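See below for the structure under consideration.
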Amino acid sequence: MQELTITRPDDWHLHLRDGAALKAVLPHTVRQFARAIIMPNLKPPVRTVADAAAYRDRILTAVPAGQSFEPLMTLYLTDNTSAEEIVAAKASPFVTAVKYYPAGATTNSDFGVTDMSNCDRVFDVMQQVDLPLLLHGEVTDPAVDVFDREKAFIEKHLIPLKQRFPNLRVVLEHITTTEAVEFVLATPQIAATITPQHLLFSRNILFKGGIRPHFYCLPILKRERHRQALLQAATSGNPKFFLGTDSAPHPRDSKESDCGCAGCYSALHAMALYAEAFESADALDKLEAFASFYGPDFYQLPRNTEQITLTKTTWRVPDEVPFVEAGLVPLWAGQELTWQLA
Ligand code: DOR
Ligand code: ZN
């Protein structure tokens, strides 16, 4: 196959940041995607409908002239989020979901939830008004091995949550394990996003020839058998699994540091990376539904009508793209990819 034309995709999990960083990265997303679910982990986080409205305006202002893009906003759940805010979020035309970060789990999660049961009143209202809950599914207990934190979250928090709120629509974000795949398959009203890095790499890449900070994200890459399970899920044609890049830009010097930040930057070339992964499984015919159909179906939004074309062209991922003061290193910098957005 030399050319692949598909319905324009959406990114169901994206970090755009704010200010100069937002202006630097947004054009990369807009080239490929019509819409994206915008993560609320700014400093301070996007906690209210008013915060989301203001952030949405800043995003729309940063969209390159002549192009269109629809940011689907999320609220950052805290111990203090009120039921009234959830009702207001549901009533607003642009808040699409609520994001749960366990406090301390990842970048800018200090305002996150300290104990899931603090939010039961809010989950109850979300279930009633049918507003989806997006989960960063990792426990933060330092006694739990970093590679086991997703599995432990499913056992300790997600299974009980779905027992308490069986009709709450949940997205388990950026899944990384066979246990997550199995749980999503077995449980009603839950879907999952999958990133390009978790489809393409196992944890071995983190230490290939030395320590490689640009492959470090959270949840961290896992063993090869988990990668295989994710690739199988993504290419299976099951609508419970859809595209979410989790593209998370950090300046080069914040990654190449004695305490480097978590996050892979994939917005530059996300569709090329996914095409590479799907082709490796001989499943390019499954890419369109994963990237463009199952997400809007889950979120009860219309599918896009425009198209994009990927061509079979070898190109090299740049070492760096312009960002704030320090540059931004894209995922798999220096690697030759064989698909390119036309
Ligand atoms: O690797 C990650 N980076 N995981 C997250 O959950 C947050 C993200 C970020 O905001 O940088
Ligand atoms: Zn994320």
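Just one of the listed residues (112, 104, 137) is within 13 Å of ligand 1 (Cβ to nearest atom) and farther than 30 Å from residue 291 by Cβ, and it is 104. With respect to the conditions (1) within 16 Å of ligand 1 (Cβ to nearest atom); (2) over 19 Å from the mean Cα position of the chain (by Cα); (3) aliphatic (A, V, I, L, M), residue 284 falls short on a single one, namely (1).
Consider the stretch 241-253. How many of its residues are under 18 Å from the mean Cα position of the chain (by Cα), assigned to a loop (DSSP other than H, G, I, E, B) and not aliphatic (A, V, I, L, M)?
Summing the residues that are under 18 Å from the mean Cα position of the chain (by Cα), assigned to a loop (DSSP other than H, G, I, E, B) and not aliphatic (A, V, I, L, M) in the stretch 241-253 gives 5.
Working carefully through the options 64, 40, find the one that is part of a loop (DSSP other than H, G, I, E, B) and within 16 Å of ligand 2 (Cβ to nearest atom).
40
Restricting attention to the stretch 1-37 and to residues that are assigned to a strand (DSSP E or B) and within 16 Å of ligand 1 (Cβ to nearest atom), the residue that is farthest from residue 340 (Cα to Cα) turns out to be 37. Within the stretch 255-268, the only residue that satisfies the criterion of being closer than 15 Å to residue 24 by Cβ and more than 16 Å from ligand 2 (Cβ to nearest atom) is 268. Applying the criterion of being of a type in the set (Val, Ile, Thr) and surrounded by fewer than 20 Cβ atoms within 10 Å (Cβ to Cβ) to the residues of the stretch 1-29, the residue that is nearest to ligand 2 (Cβ to nearest atom) is 7.
Kindly indicate the residue of the stretch 140-191 that is acidic (Asp, Glu) and more than 15 Å from ligand 1 (Cβ to nearest atom) and also surrounded by the fewest Cβ atoms within 10 Å (Cβ to Cβ) among those meeting that condition. Among residues in the stretch 140-191 that are acidic (Asp, Glu) and more than 15 Å from ligand 1 (Cβ to nearest atom), the one surrounded by the fewest Cβ atoms within 10 Å (Cβ to Cβ) is 145. If you go through the stretch 163-219 and pick out every residue that is within 16 Å of ligand 2 (Cβ to nearest atom) and either touching a strand residue (DSSP E or B) at 6+ places or on another chain (Cβ under 7 Å) or part of a loop (DSSP other than H, G, I, E, B) (or both), you end up with 17. Residues in the stretch 262-297 that are free of Cβ contacts under 8 Å to residues at least 60 places away in the same chain and not in a helix (DSSP H, G or I): 281, 282, 283. Quick check: is even one residue across the stretch 226-240 in a loop (DSSP other than H, G, I, E, B) and under 23 Å from residue 131 (Cβ atoms)? The answer is yes; a qualifying residue exists.
Name every residue in the stretch 154-166 that is hydrophobic (A, V, I, L, M, F, W, C), under 23 Å from residue 194 (Cβ atoms) and touching a residue at least 40 places away in the same chain (Cβ under 8 Å), in order of residue number.
Within the stretch 154-166, 161 is the sole residue that qualifies.
Just give me the residues in the stretch 298-322 being assigned to a loop (DSSP other than H, G, I, E, B) and touching a Lys or Arg at 6+ places or on another chain (Cβ under 6 Å), in sequence order. Matches in the stretch 298-322: 304, 306. For the stretch 103-130, the set of residues classified as away from ligand 2 (no atom under 16 Å from the Cβ) and assigned to a loop (DSSP other than H, G, I, E, B) consists of 114, 115, 130, listed by residue number. Inside the stretch 43-58, residues that are within 16 Å of ligand 2 (Cβ to nearest atom) and in a helix (DSSP H, G or I) make up a count of 1. I'm trying to understand the selection: among the residues of the stretch 192-207, which are small (Gly, Ala, Ser) and within 16 Å of ligand 1 (Cβ to nearest atom)? Across the stretch 192-207, the qualifying residue is only 192. Looking at the stretch 298-314, which of its residues are touching a residue at least 40 places away in the same chain (Cβ under 8 Å) and either among the small types (Gly, Ala, Ser) or within 13 Å of residue 339 (Cβ to Cβ) (or both)? Residues satisfying the conditions are 308, 309, 310, 311, 312.
A short reminder: the numbers here are calculations on the coordinates, not readings from a lab. On a predicted model such as this, the values are computed, not experimentally measured, just so you know. Quick reminder, even Gly has a Cβ in these numbers, built from the backbone with ideal geometry, and neighbours come from all protein chains shown.
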